[in-house]
Amino acid sequence: MLNFTEYDTRLAAYAVVLDDQDRILLALWNEVDPPEWTMPGGGVEFDETPAEGCVREVQEETGYGVELIRLLDVMTFAVPAGGLRVGTNARPFKGVQVLYEARVVGGELRHEVDGTTAEARWVPIAEVRGLPHVPTVDRVLDLIGR
């Protein structure tokens, strides 16, 4: 068992945004090849709460302002040293992902410029499992009963 001082941790927060047309808002993560779909969101800055980081990240990646409705889940995963798909990790890594249900309250859909996502899109929920996506998407679909 590793002590918390022996591994690196990244806190990230993501929004699960559905619309009245049975679609979910996704962002195309471009740091992997081929790119994979994920929920909009990402790393929480040092001076932010997970909720603040989530709202900021959604705006950066999609152009939308969102209101967080409720906490859906907190997920964790561990990666051994050298095992990350992006970047390098000389030490073991623990990812902590906070998932919020959210709704759009403003803004206009657009793609992120010079960021870690290449596209933002409303995707019919029935089509999501057929797209290349990160494992967190499967957890979200389970949480929303799809």
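Matching residues to (1) over 13 Å from the mean Cα position of the chain (by Cα); (2) under 15 Å from Pro135 (Cα atoms):
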| site | (1), (2) |
| --- | --- |
| Phe4 | yes, no |
| Asp8 | yes, no |
| Arg23 | yes, no |
| Leu26 | no, yes |
| Asn30 | no, no |
Hits in segment 85-132 - residues which are among the hydrophobic types (A, V, I, L, M, F, W, C), farther than 18 Å from Ala27 by Cβ, over 15 Å from the mean Cα position of the chain (by Cα) and surrounded by 15 or more Cβ atoms within 10 Å (Cβ to Cβ):
Phe93
Single unsatisfied condition, Ile69 versus (1) out of contact with any Leu (no Cβ under 9 Å at 6 or more places or on another chain); (2) under 11 Å from Ala13 (Cα atoms); (3) not small (Gly, Ala, Ser):
(2)
Hey, any hits in segment 51-69 for a residue that's small (Gly, Ala, Ser), in contact with a Lys or Arg (Cβ under 8 Å, 6 or more places away or on another chain) and farther than 21 Å from Arg139 by Cβ?
yes
Among the residues of segment 81-112, how many are out of contact with any Cys (no Cβ under 8 Å at 6 or more places or on another chain) and touching a residue at least 60 places away in the same chain (Cβ under 8 Å)?
13
Collect the residues in segment 32-51 that are closer than 18 Å to Asp73 by Cα and within 14 Å of the chain's Cα centre (by Cα), keeping them in residue-number order.
Thr38, Met39, Pro40, Gly41, Gly42, Gly43, Val44, Pro50, Ala51
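Give segment 5-31 a look and list any residue that's surrounded by fewer than 16 Cβ atoms within 10 Å (Cβ to Cβ) and either hydroxyl-bearing (Ser, Thr, Tyr) or not in a loop (DSSP other than H, G, I, E, B) (or both), or say none. Full working, then the answer.
From segment 5-31, those surrounded by fewer than 16 Cβ atoms within 10 Å (Cβ to Cβ) are 5-6, 8-10, 19-22, 30-31; that's our starting set.
Correct list: Thr5, Glu6, Asp8, Thr9, Arg10.
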Could you list, in sequence order, all residues of segment 32-80 that are free of Cβ contacts under 8 Å to residues at least 12 places away in the same chain, crowded, with 16+ Cβ neighbours inside 10 Å and part of a helix (DSSP H, G or I)?
Arg56
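Read-outs: derived from the displayed coordinates by stated rules, not from any lab. Everything quoted here is computed from the prediction, not taken from an experiment. Cβ atoms come from the backbone with ideal geometry, glycine included; neighbour counts cover every protein chain shown.
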